[in-house]
């Protein structure tokens, strides 16, 4: 890692083929093409091959802990041949120290927020939960800031749809967004919903979705495990 | 399979990482977000990682055999790292018995309708044929109901394009749709056409496309086989 | 290869699961659906599972060397489970001899133009350079014809973004296009920029992007190599 130490842009790596980088002073032509707000010179970049939900939750913690904004959240079709998204999150600040710190926080959070990602050959489940949504969840899904918020995704899409139905029936939550292969996703093989409400209700809703999702993947003959350690 | 037996939503699985599910009484908020017709309480869901054409043909048989409608057909970019689509088909009815029966029929048909899917490392061919198109083909491609209908797809896209040209020249058929990576697909590496006409002409057209497609994959040094047993 | 010899459409294969084909006289209904210019009866097709940049540079050489036009350039989401694009390039001419020759030139060029594609498990770099852009670069990216032109792509997208910033700062070049997962790509996990300017400046810019890209992939613990032999 002698090499990486010498690259000023490099911050670190994390699960999901995630890399965290910073640019202290974005080139002015690039800055303009990206449509960044003029007051921000520095950006922090978190991008991975597998994820989105976990990265957005991690970015929520990063902006809470630092003086940064969420400039962009984009979701490529990826997961390395899997059925879902990767992610590209761009945080912005006037000073590089702030974005560097934010990227560090996000990378550290990822081990936890990947706790309810369950992958197998036929598909996956990706569940995310926060007691208090922040700017990243708001940017990506219109989550109400400060409220409990959950992301429920399942693949193949049929599993995500039954998870969504189960989640809505399991507790008194409000659906914020609904996405499917043709709309609101990058053509992933998923149904994804986001929910908000009281924290107990959101958690209960996400857990109910997870349980039926795991049972359905088992019914497909799949052995699924958390990529790290369940936290919801 | 004790687990799956206890999940009321589970109907069965089939080739292509396909799962068939039902929801007896869709949650009303989900129902609204999905834009389903109000008269349908129950939905049947057929979704797989690999496919689309074969699933649509199977769904055609399912709606012919039952009292169900085709509510949605969506095609994610999938095939597990391959060059094509997966699928999400939603059937709807007033009663869960009808959609369950429809999903059962579709799952049973898939073994047959996958008969002219040929996969290899460099690409694939996916050929589908029916003597009498029904609601699924109509929903997905605007197929004329009751007429012979064929779907011709090849990857990489160049192969699909030569298959399309060969199909059109091989018999007196009408092209219904043309799709390519930038238009009409979920950015798959395919050219896909659909054709209609007299049943002999459609079949002849599809067979001609299949033969040149297989020869071109062979010219790429690929050994391709039917995933099940050719039926066209 | 007895089989392939007998297929009149077959021209050859190349790296990146690329196949080169011709259609001497495109079926008139297909011709219309594709929106081809009426004066062209013959098309040459170059399509691969991995690429785009290298194929576009190869097509530039092909149109320079022959009497052909670039009819279409489409970029599927592909790379066989990787993070990037495949490609479909359609060249057109009045006579099949011209498109066949163009496809032959393009296929021959690919070994060279793939020289600065670096692939690994976590991502890839794809760098392309020409001292004199032609019709393919112009069609795909609006490159100014006859001027030096470079394509800089990196995955995961964060790496592409830092490469873009480095490229812009390394030399006096103008950015022609900027693309990211949500805009200008087929939802790939890449940031891609194209640059023009004096040939020395463009080359220097592309090389600077390559060097930092390679360092960042190394910082991810990845061992990356050129798929053929570096030419920039």
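Nothing in this text is a laboratory measurement; each read-out follows from the coordinates by a stated rule. As the structure is a prediction and not an experimental result, all values here were calculated from the model. When we count neighbours, we look across all protein chains shown, and the Cβ atoms used for this are built from the backbone with ideal geometry, even at glycine.
See the values below:
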{"quantity": "For chain A, built as a Gaussian network whose Cα springs stay under 10 Å, the top-fluctuating residue of A:26, A:99, A:202", "calculated": "A:26"}
{"quantity": "Gap separating the Cα centres of region C:47-110 and region A:36-64, nearest whole Å", "calculated": "36 Å"}
{"quantity": "Cα shape, the protein assembly as shown, gyration tensor, a/c 1.5 rule", "calculated": "oblate"}
{"quantity": "Per-residue average of Cβ from other chains inside 10 Å of C:194-201", "calculated": "0"}
{"quantity": "Angle in degrees between helix C:96-113 and the longest Cα principal axis of chain C, rounded to the nearest 10", "calculated": "20 degrees"}
{"quantity": "Residue with peak Gaussian network fluctuation, chain C [Cα springs, cutoff 10 Å], from C:27, C:200, C:60", "calculated": "C:27"}
{"quantity": "Inter-label distance, nm, simple model (7 Å from Cα along the C-beta direction), residue A:199/residue B:38", "calculated": "3.9 nm"}
{"quantity": "Computed helical MRE - 222 nm, the protein assembly as shown, DSSP H runs ≥ 4 contributing -39500 (n - 2.57), nearest 500", "calculated": "-11000 deg cm²/dmol"}
{"quantity": "Selected from B:184, B:150, B:123 as most flexible by GNM, with chain B as the system and alpha-carbon contacts under 10 Å", "calculated": "B:184"}
{"quantity": "Segment residue A:108-residue A:145, length gained on full extension (0.36 nm per residue, minus Cα span)", "calculated": "11.1 nm"}
{"quantity": "Shielding by partners - mean other protein chain Cβ count within 10 Å, residues of B:80-93", "calculated": "5"}
{"quantity": "Residue-averaged beta-carbon neighbours from other chains (10 angstrom radius) around C:113-122", "calculated": "1"}
{"quantity": "Order by protection proxy (mean Cβ within 10 Å, highest first), peptides A:68-75, C:64-71", "calculated": "A:68-75, C:64-71"}
{"quantity": "FRET efficiency estimate (nearest 0.05) - Cβ-Cβ, residue B:177 to residue B:7, R0 45 angstrom", "calculated": "0.75"}
{"quantity": "Potential extension, residue A:67-residue A:230 segment - 0.36 nm per residue separation minus Cα distance", "calculated": "55.8 nm"}
{"quantity": "Residues B:55, C:124 arranged by fewest to most Cβ contacts within 10 Å", "calculated": "C:124, B:55"}
